[in-house]
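K.L.:
One structure is given below, represented as C-alpha cells, and several questions about it will come after.
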Amino acid sequence: MPPRKDCVVWLEAFQQSPALLLGSAVVLWLIMGSFLNVVILRLPRMLESEWRRDCAEIADSPPAGEEPTLGLAWPPSHCPACGHRIRPLENLPILSYLLLRARCSACGVRISPRYPLVEGLTALLTLIVVLQLGLTWQGLAALPLTWGLIALAVIDYDTQLLPDGITLPLLWLGLILSLFGLFTDSQSAIIGAVAGYL
C-alpha cells in the first residue's frame, strides 16, 4: 500500500476511535513531557555557558576553568546529587516518580516534584489540544506551539529569560501557518509579530 494511503488509513482510524486518539496523546505526553523537562533544565545552562565563553573571548582572556559540554542530548540524565545515571525504567514520566517514591534510587535524595508536574501539564494540554482540534492540520500545528509555550513559561519563571532558540522558531512557525489561514490571517500575524517585538 502506498505511504499516502497508509496515512489516510491512520487518520481515519484516529478520527473514528477516541480511545486510539487519546492513547496517542498519552504517548506524545510520555515523549514530550520528559523532553520538556530536559529543555527547561539544560537550555538556560547552555546559554549561560555560551555567554561566559563569549565574554572570555571578547575580554581576550581564557575562561575561568573548563566547562563540561552540555547539550540537550548529552550527557545522559543523572541525579544532580550523586551523579547516578538515570536508567530507562527510572525515566518513565510520572510513573517512575511514584515508583521511586520521589527519591533517587542510588542516594535517596528527594526528586523535585516539578518533573511530574511538567509532565502532567504537558499531558493535560496535549489532550486538550487533541480533543479540541483533532488530528487536523490546525491540531498538529498547535502541538509544537503548546509544547514550546510550556517550556518558555517554566524557563521564564526560573530565569526571566525567553531563549531565542524557542521564541524565534515559534514566531516563524506562526507566521508561516498564517499563510495558510490555520489560526489567523497573515496581516494579523505580522501585526502581532511587530507588536511582540515592540
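K.L.:
Based on Cβ point charges of +1 for Lys and Arg and -1 for Asp and Glu, what charge dipole magnitude is obtained for the stretch 72-135 about its Cα centre, in debye rounded to the nearest 20? Please report the intermediate quantities before stating the final value.
P.N.:
On the way: 6 positive and 2 negative charges, 50 e Å.
Charge dipole, the stretch 72-135, about its Cα centre: 240 debye, nearest 20.
K.L.:
Something else now. So if I place +1 on the C-beta of Lys and Arg and -1 on the C-beta of Asp and Glu, and nothing else carries charge, what would the dipole magnitude of the stretch 35-119 be about its Cα centre? I want it in debye, nearest 20.
P.N.:
Numbers: 10 positive and 9 negative charges, 137 e Å.
That gives a dipole near 660 debye.
K.L.:
In addition: Can you work out ³J(HN,Hα) from phi for every residue in the stretch 140-151, in order, using Karplus 6.51 cos²θ - 1.76 cosθ + 1.60 and θ = phi - 60°, giving whole Hz and x for Gly and Pro?
P.N.:
5, 6, 5, 5, x, 5, 5, 4, x, 5, 4, 4
K.L.:
Follow-up question, since we're still on this one. Can you tell me, using C-alpha contacts under 8 Å and at least 6 residues apart, the relative contact order of the chain as a whole percent?
P.N.:
On the way: 153 pairs, mean separation 45.9, N = 198.
So the answer I get is 23 percent.
K.L.:
Match the structure shown to one of the listed values [x] 18.2; [y] 16.8; [z] 19.6 of Kirkwood radius over Cα pairs in Å, computed from it, and give that label.
P.N.:
Working out Kirkwood radius over Cα pairs in Å from the coordinates points to [z].
K.L.:
Can you find, among 122, 112, 147, the residue sitting farthest towards the positive end of the charge dipole of the stretch 85-189, where Lys and Arg contribute +1 and Asp and Glu -1 at Cβ?
P.N.:
112
K.L.:
Would you compute, from DSSP H runs of 4+ residues alone, the mean residue ellipticity of the chain at 222 nm, taking -39500 (n - 2.57) per run and dividing by the full residue count, rounded to the nearest 500? Display every interim value, and only then the final one.
P.N.:
Details: 7 runs with 130 residues, N = 198.
Helices in the chain give a 222 nm mean residue ellipticity of -22500 deg cm²/dmol.
K.L.:
Summarise the accessible area of the chain (1.4 Å probe, protein heavy atoms) by the percent that is carbon and sulfur.
P.N.:
Numbers: 8840 of 13160 Å².
Whole-percent figure for carbon plus sulfur exposure: 67.
K.L.:
For the stretch 77-151, what does the accessible surface come to per residue with a 1.4 Å probe? Please give it in Å². Could you put the intermediate results ahead of the total?
P.N.:
Working: 4450 Å² over 75 residues.
I get 59 Å² per residue for this part.
K.L.:
If you look at just the Cα atoms of the stretch 46-153, how large are its Rg and its Dmax in Å?
P.N.:
Spelled out, the Cα radius of gyration and Dmax of the stretch 46-153 are 18.8, 55 Å.
K.L.:
Which far-off residues, 5 or more places away or on another chain, put their amide H under 5 Å from the one on residue 78, with H placed in the peptide plane?
P.N.:
Amide H to amide H, under 5 Å and 5 or more residues apart or across chains, residue 78 pairs with 86.
K.L.:
Taking every pair of alpha-carbon atoms in the stretch 109-198, what share in percent sits in each 5 Å bin, from 0 to the bin with the longest distance?
P.N.:
3, 12, 19, 21, 20, 14, 7, 3, 1, 1, 0
K.L.:
For the chain, what is the charge dipole size about the Cα centre, in debye to the nearest 20, if Lys and Arg each add +1 at the Cβ and Asp and Glu each add -1 at the Cβ?
P.N.:
Numbers: 12 positive and 15 negative charges, 165 e Å.
For this selection, approximately 800 debye.
K.L.:
Here's something else I'd like to know. Can you give the FRET efficiency to the nearest 0.05 for residue 170 and residue 195, using r as the Cβ-Cβ distance and R₀ = 22 Å?
P.N.:
Working: r = 15 Å, r/R0 = 0.69.
That pair, residue 170 with residue 195, gives E of 0.90.
K.L.:
With a 1.4 Å probe and every protein chain left in place, tell me how much accessible area residue 156 has, in Å² to the nearest 10.
P.N.:
Accessible area of residue 156: about 60 Å².
K.L.:
Right, next: Put a dot 7 Å past each Cα toward the Cβ at residue 105 and residue 159; how far apart are the dots in nm?
P.N.:
For residue 159 paired with residue 105, the spin-label model returns 3.0 nm.
The values are calculated or read from the model by the stated rules, or taken from the named source; none is laboratory data. None of these values were measured; they are calculated from a predicted model. Note: ideal-geometry Cβ built from the backbone for every residue, glycine included; neighbour counts use all protein chains shown. Heavy atoms of the whole protein, side chains included, go into the accessibility calculation; ligands, DNA and RNA do not. Shrake-Rupley method; radii C 1.70, N 1.55, O 1.52, S 1.80 Å.
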